[in-house]
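Report on the following structure.
The values are calculated or read from the model by the stated rules, or taken from the named source; none is laboratory data. Quick caveat, the model's predicted, so the values are computed rather than measured. A quick note on method: Cβ atoms are made from the backbone with ideal geometry, for glycine too, and the neighbour counts reach across all protein chains shown.
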Amino acid sequence: MSGHILRNVDFPFPDARFPDLLGAVVQRTVLTGEEPARVVIHDEHNDWLVGDGVNDPNLPGATVLACISHLAEEDPAVAELATLPTGHAATRDDPAKPWTVTPHEWPDDDH
């Protein structure tokens, strides 16, 4: 089924690997290789998000839906995060550094 991207795939994944068609919201800068993945979020809704950690992902056109397995093929450190628990985020300052995993909370927008 070419062109299909899956969402809400049962977790944990078999063999601790991202399913081939699992979709993630990915910053274009990461997808194009302009910036490395520095933030990977597995949110409380079982959605996956991948960002560069330096550019605003909320700008129009900054993110796209892509298969996270493609990112994992390009960056083995992203592949390691297939076991990242729901409600957690992994961050790193540099691709040569290890991931730091912490509980994830969305910023409070009430000002």
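Residue check: PRO107 meets all listed conditions (1) in contact with a strand residue (DSSP E or B) (Cβ under 7 Å, 6 or more places away or on another chain); (2) surrounded by fewer than 16 Cβ atoms within 10 Å (Cβ to Cβ); (3) at negative phi; (4) not basic (Lys, Arg) but one, namely (1).
Summed over segment 66-104, the residues that are surrounded by 17 or more Cβ atoms within 10 Å (Cβ to Cβ) and among the hydroxyl-bearing types (Ser, Thr, Tyr) give a count of 2.
Being within 14 Å of ALA89 (Cα to Cα), in contact (Cβ under 8 Å) with a residue 24 or more places away in the chain, out of contact with any strand residue (DSSP E or B) (no Cβ under 8 Å at 6 or more places or on another chain) and part of a loop (DSSP other than H, G, I, E, B) is a property that ASN8 lacks.
Working only within segment 29-58, note down all residues that are farther than 15 Å from ASP94 by Cβ, out of contact with any Ser or Thr (no Cβ under 7 Å at 6 or more places or on another chain) and not β-branched (Val, Ile, Thr). Correct list: LEU31, GLY33, GLU34, ASP43, HIS45, ASP47, TRP48, LEU49, ASP56, ASN58.
Scanning segment 26-52 for residues that are in contact (Cβ under 8 Å) with a residue 40 or more places away in the chain and not acidic (Asp, Glu) turns up VAL26, VAL30, LEU31, GLY33, PRO36, ALA37, ARG38, VAL39, VAL40, ILE41, HIS42, ASN46. When segment 73-88 is filtered for residues that are more than 11 Å from the chain's Cα centre (by Cα) and in contact (Cβ under 8 Å) with a residue 60 or more places away in the chain, the ones remaining, listed by number, are THR83, THR86.
Go through the residues of segment 36-43 one by one and say whether even a single one is modelled with pLDDT of 95 or more, surrounded by fewer than 17 Cβ atoms within 10 Å (Cβ to Cβ) and under 18 Å from HIS104 (Cβ atoms). Yes, segment 36-43 contains a residue that is modelled with pLDDT of 95 or more, surrounded by fewer than 17 Cβ atoms within 10 Å (Cβ to Cβ) and under 18 Å from HIS104 (Cβ atoms). The number of residues in segment 12-31 being of a type outside the set (A, V, I, L, M, F, W, C), surrounded by fewer than 18 Cβ atoms within 10 Å (Cβ to Cβ) and within 9 Å of CYS67 (Cα to Cα) comes to 2.
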